[in-house]
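Where a number appears in this text, it was derived from the coordinates with a stated rule and is not lab data. Treat the numbers as computed from the prediction; the structure is a model and nothing was measured. Every residue, glycine among them, receives a Cβ derived from its backbone with ideal geometry; neighbour counts consider all protein chains shown.
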Amino acid sequence: MNTMWSLSVFCLLVSATYATQVCFEGLGCFADGPPWGGTDQRPVSILPSHPDEIGTRFLLFTQRNRYYQEIMADETVEASNYSGMRTSRFILPGYLLEGDEDWPQRMCKEMVKRENVNCIAVEWKKGVKTRYAQAANNIRVVAAQVAAMITFLMDNYKQTAGKFHMIGHSLGAHAAGDVGSRIPGLARITGLDPSEPYFQGTSAAVSLDVTDANFVDVIHTDGLPFDPKLGLGMSQSVGHIDFYPNGGQLMPGCSTNRGDPSDLDAIWLGDKKFDACNHVRAYEYYIESLEKPQGFMGYPCPNKDSFADGKCFPCGHTECPLMGHRADRFTGTEDTSITKYFLTTGSKAPFRRYSYRVSVTLAGPILPNVGFMFVALVGKYGSTKEHQLHVGTLISGRTYELLLDAQLDVGDVTEVQFRWNNHIIDPLRPKFGAEKVVLQRGKDKEIRSFCGRANVAENEVQSVLLCEV
Ligand SMILES: *[C@@H]1O[C@H](CO)[C@@H](O)[C@H](O)[C@H]1NC(C)=O
């Protein structure tokens with residue numbers, strides 16, 4: 001192995017103009033020519049580092065494990081709590097946020113709390129913490145190692161490729177894609193904000209794409225162009241279904257990325273003050289979706305502006321997919337041209353939201369007033385906070401509409417609470433109220449009608465109940 005390594009370095013020195021390669025025992029050879037280097041998207045040709053310099057580890061979590069067990073493609077698997085009867089999920093990180101470098105272990109722990117799987121957190125910190133172009137090539141060695149591990153498991157536990165799911169973030173998403181090129185028929189690959197530099201616009205051999213697994217689902221959270229906006233994630237849709245939470249570019253609660261694209265290495269290594277909040281949200285959403293999958297429903301939509309305008313609400317003719325862990329429950333639409341799904345999340349954990357369209361027909365004095373209106377939804381599991389329905393003129397007889405993203409799933413809504421105010425002292429003591437409320441639920445188009453009875457004075461809560469039929 002070392003001889004081959006030295007030999008390749010030798011080749012590199014003597015003939016820089018020719019494509020060179022490195023070979024590693026059990027993993028095969030890696031060339032630096034096209035499509036891996038010397039292309040428009042990858043001008044610099046770089047060979048991957050030696051496996052010793054990458055230091056890949058496989059950390060197994062199962063429901064029987066109190067701690068993780070490190071496994072290798074050998075008898076350590078037999079000695080572990082790995083079971084060939086279960087589905088296996090590999091978590092492949094990329095960008096490492098300081099203080100949260102072990103998020104794959106966090107994800108595995110959450111996963112085995114809820115399902116009986118083998119969850120394997122792949123660690124390759126040394127291979128990540130290098131200049132970006134080098135890390136972007138090191139994923140090829142990591143992918144070969146993961147593929148070797150899967151081959152070993154398939155051979156020894158009579159498992160098919162359909163029992164394996166790769167979840168990769170950032171560069172790890174492309175590593176997952178590379179695993180899929182090596183092992184045909186993987187059940188699923190989830191790409192969590194797949195990284196853009198060195199991958200967007202490259203051939204399917206290089207980046208994650210639909211040919212890499214039977215089902216490829218992608219979450220985009222940092223999709224602004226890297227040059228000049230420093231978005232680390234791809235905007236291109238590359239999966240069978242691609243989710244664009246909050247439009248996929250800027251996440252609520254995160255600030256815009258600042259810096260210069262020429263600082264890519266410093267940004268990647270965390271040397272430069274850089275807030276990777278948008279990039280890492282992708283795995284935060286996924287982890288939360290393990291607990292509350294229904295809070296991440298994606299709406300098919302051509303683009304983020306149509307979604308923001310409410311044009312893609314509610315879910316169309318069929319069910320909608322759930323972003324995150326349960327995305328594979330989606331049976332799909334007939335129309336394969338629809339692959340983009342949009343949704344709104346909160347600005348901090350919990351991120352999940354439950355969407356409704358609320359239409360309120362106002363009743364009140366003939367003379368219009370100015371003011372604010374609020375609504376809250378009440379159901380068997382509790383009540384949402386108040387959401388602002390309107391600010392401005394309050395006109396009796398007019399219908400006001402709001403797309404409401406509730407933090408809480410209240411269950412079937414049995415009451416809508418209405419309140420208004422304007423902080424104006426008015427001796428006439430005007431009263432307003434919701435004469436009628438039509439509530440449409442996003443997930444299934446279900447419509448409920450509520451009928452108001454008595455109008456209320458400023459800051460009093462009107463309880464609007466289901467209309468009697
Ligand atoms: C593996 O499972 C056994 C049986 O449940 C348990 O006693 C043991 O602690 C587990 N190993 C680890 C490393 O957690």
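Remarks
- Per-residue ellipticity at 222 nm, computed for the chain from helices alone with -39500 (n - 2.57) per DSSP H run of at least four residues, works out to -6500 deg cm²/dmol.
- For residue 273, the aspartates and glutamates whose Cα falls under 14 Å of its own Cα, not counting residues fewer than eight places away in the same chain, are 98, 260, 263, 265.
- Summing charges over neighbours of residue 248, with a neighbour being any other residue whose Cβ is under 11 Å away from its Cβ, gives 0 when K and R count +1 and D and E count -1.
- Fewest-first ranking of 336, 414, using other Cβ atoms within 10 Å as the exposure measure: 336, 414
- Note on 312, 108, 467, 320: ascending count of other Cβ atoms within 10 Å places them as 467, 320, 312, 108, the fewest first.
- Mean separation of Cα contacts under 8 Å, 6 or more apart, over the residue count of segment 354-466: relative contact order %: 33
- Counting only residues at least eight positions apart within a chain, or on another chain, the lysines with an alpha carbon under 18 Å from that of residue 109 are 292.
- Lysines with Cα under 21 Å of residue 340, excluding same-chain neighbours fewer than 8 positions away: 304, 311, 443, 445
- Rounded to two decimals, the Cα radius of gyration of the chain over 2.2 N^0.38 Å is 1.15.
- Positive minus negative residues near residue 109 (Lys, Arg vs Asp, Glu; Cβ under 13 Å): +1
- Rounded tilt (10° steps) of 2-14 against the dominant C-alpha axis of the chain: 90
- Convex hull volume per residue for segment 246-394, taking Cα atoms only, in Å³: 188
- P(r) weight above 16 Å for segment 79-144, C-alpha pairs, percent: 53
- Neighbour-count order for 444, 265, 222, fewest beta carbons within 10 angstrom listed first: 444, 265, 222
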